[in-house]
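I have placed the structure first, in the form of structure tokens, so that the comments after it can refer back to it.
The values are calculated or read from the model by the stated rules, or taken from the named source; none is laboratory data. Because the structure is predicted, anything quoted here is derived from the model rather than measured. A quick note on method: Cβ atoms are made from the backbone with ideal geometry, for glycine too, and the neighbour counts reach across all protein chains shown. Surface accessibility is based on the protein's heavy atoms, side chains included, excluding ligands, DNA and RNA. Shrake-Rupley method; radii C 1.70, N 1.55, O 1.52, S 1.80 Å.
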Amino acid sequence: MKRVPAWSRWLVALLVLLALCLTASGCREKGESASVRAGLPAQDLPAATVTARVVRVIDGDTVVVRFETSPAVSPSGNGYSLRVPGGWVRVGREEKVRLIGVNAPETGSGQREAEMYGWEAKAYTRKRTLGRVVRLEFDVETRDRYGRLLAYLYLDGNLFNRELVKEGYAQVYTVPPNLKYTAAFLSAQREALEAGRGLWQRRHFVTGPVIGNSRTYTYHLPGCSGLPTLANRVYFRNEREALMSGYHPCRKCCLQRRLEGGK
């Protein structure tokens, strides 16, 4: 019998060992993937979306939804538990949802007058979303100071918040820490401004300097009682420049001037 050289036996052993290492590595990767799918803590998963049906439209950026059971929506008592970044939150069967990162003109209520293009914005959101099943995605904060859920709304797979801005039915409304899609919204606003879509058709811009607040992303007219500290001030040549930079108007001075017919 012909004797197998020692180096050949060592080579075979080395190849077998290498194959075993690759197999173990593959199994470990598959196991990790399966463990993620099977249910790691919610904070370790990508931001989940939940399913809901829009049952009422309050204005262009606020709707009322009724939740539907899904892997991220679990019945709990008289309501549901929703999976959000960082864990689960309790909600009612129906909830008021404020769209994150955008601000549509108000339609007015009580003593408050309707803002320019408010009814058009509400009609657009009503036409697009009422009765439809949508997906909601959450950011850092789940509710605002009024108790409304804060969410990004997806319709037919598209981000409706961005659609509102792009079509001129809302403007960018940046409120930290919910900043996930700020860049996308700002890009859409610049496009709408340049094209003069929607509310930008009738908008009278302040042509003089305005002062921004780098902490809150609001801008003010000189002399406003709500001016930021010197450390937080950002100076713009005019209102349009502030809007193109993603800042939104102060309600104390800019909005009041516009309601009073100022330019």
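Sorting 130, 159, 164 by accessible area puts them as 130, 159, 164; the probe is 1.4 Å, largest comes first, and only protein heavy atoms count. The range 184-256 and the range 129-148 have Cα centres lying 26 Å from one another.
Only loop residues by DSSP count here, and only those with at most 11 other Cβ atoms within 10 Å; note down the chymotrypsin sites (Phe, Trp or Tyr not before Pro) in the range 124-172 that meet that. Intermediate values should be presented prior to the final figure.
Working: sites: 124, 138, 146, 152, 154, 160, 169; in loops: 138, 146, 169.
Within the range 124-172, the qualifying chymotrypsin sites (Phe, Trp or Tyr not before Pro) (loop, at most 11 other Cβ atoms within 10 Å) are 146.
Under the rule a/c < 1.5 gives rounded, and otherwise a/b versus b/c splits prolate from oblate, where does the range 107-215 land using the Cα gyration tensor? Note, shape of the range 107-215 comes out rounded. Close amide H partners of residue 106, meaning residues 5 or more places away or on another chain with modelled amide H under 5 Å apart, are 115. The HN-Hα couplings worked out from phi for the range 130-136 by the Karplus form 6.51 cos²θ - 1.76 cosθ + 1.60 (θ = phi - 60°) are 4, x, 8, 7, 10, 10, 10 Hz, whole numbers, x standing for Gly and Pro. For residue 250, the residues whose modelled amide H falls within less than 5 Å of its own, excluding neighbours fewer than 5 places apart on the same chain, are 219, 255. Per-residue extension of 0.36 nm, minus the Cα-Cα distance of residue 88 and residue 127, leaves a gain of 10.9 nm for this segment.
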